[in-house]
Amino acid sequence: MQRHKGFTMIELVVVIAILGILAAVALPHFIDSAKDAHRASVRSAAGALTSAVSLVRGQYELNRGGGSNACLAGNCQINVQGYGNGAIDVNAAGWPIGTERSGSPLAGTTLSEAECRNLWSNLLQASSQSLSGTSPAFTATAQGTRCLYTYELDGGDDAIEYNADTGEVFVNFQ
């Protein structure tokens, strides 16, 4: 007869206890990874918005200085030529403020929610995350000269803020 060997009950309990300790240590890291992924998405969108705002400002300065695109009918502020589809309008300081302005908008011009949505889609163009539909990634609101883009896919407590007076883009995490 052959003798069969197996694990004793104590060995099995020790292995289960070790696995439980490992799971207790690793689980918080996996839970935080979803929040980290959402925050990375917000940071990515904010970085793209910052770059787009800077590019519009640079194109505005280039046009104003007699660059190859120059200004349409002497107006550098409406439909900045050379950026995207030429629909972006800027204030007197050269920062984007919308797509449907006229004349020479002053610095300190207030923005509407519709202008904030138009800025988002025209500045970021094809790479922008959704502001519309049944489950948008971001929602847009206006507060004076600022646009607030709230990230909705993680509870609506993280946001990107664009200040049209200074051209600054901030990320706010809760």
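The values are calculated or read from the model by the stated rules, or taken from the named source; none is laboratory data. All of these numbers come straight from a predicted model, not from anything done at the bench. Counting neighbours? That spans all protein chains shown, and the Cβs are built from the backbone with ideal geometry, glycine included.
Could you list, in sequence order, the residues of the stretch 1-38 that are more than 19 Å from Gly155 (Cβ to Cβ), among the aromatic types (Phe, Trp, Tyr) and in a helix (DSSP H, G or I)?
Of all residues in the stretch 1-38, those more than 19 Å from Gly155 (Cβ to Cβ) come to 1-27, 29.
This time we only want the ones that are among the aromatic types (Phe, Trp, Tyr), so: 7.
Selection gives nothing.
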Only one of Leu106, Leu111 is farther than 17 Å from Thr50 by Cα, assigned to a loop (DSSP other than H, G, I, E, B), at pLDDT 90 or above and of a type in the set (A, V, I, L, M, F, W, C). Can you tell me which?
Leu111
Give all pairs with beta carbons closer than 6 Å in which a residue from the stretch 20-44 that is without any contact (Cβ under 8 Å) to a residue 12 or more places away in the chain meets a residue that is surrounded by 10 or more Cβ atoms within 10 Å (Cβ to Cβ); count only pairs at least 6 apart in sequence or on separate chains.
none
For Ala52, are the conditions met, namely being touching a Leu at 6+ places or on another chain (Cβ under 6 Å), assigned to a helix (DSSP H, G or I) and surrounded by 10 or more Cβ atoms within 10 Å (Cβ to Cβ)?
yes
Got a sec? Which of Ala45, Ala37 is closer than 30 Å to Gly167 by Cα, of a type outside the set (Ser, Thr, Tyr), out of contact with any Phe, Trp or Tyr (no Cβ under 8 Å at 6 or more places or on another chain) and surrounded by 10 or more Cβ atoms within 10 Å (Cβ to Cβ)?
Ala37
In the stretch 82-111, residues that are under 22 Å from the mean Cα position of the chain (by Cα) and exposed (fewer than 14 other Cβ atoms within 10 Å of the Cβ) total 2
Among the residues of the stretch 30-59, what is the count of those that are closer than 23 Å to Leu119 by Cβ and either in contact with a Gly (Cβ under 6 Å, 6 or more places away or on another chain) or among the hydrophobic types (A, V, I, L, M, F, W, C) (or both)?
12
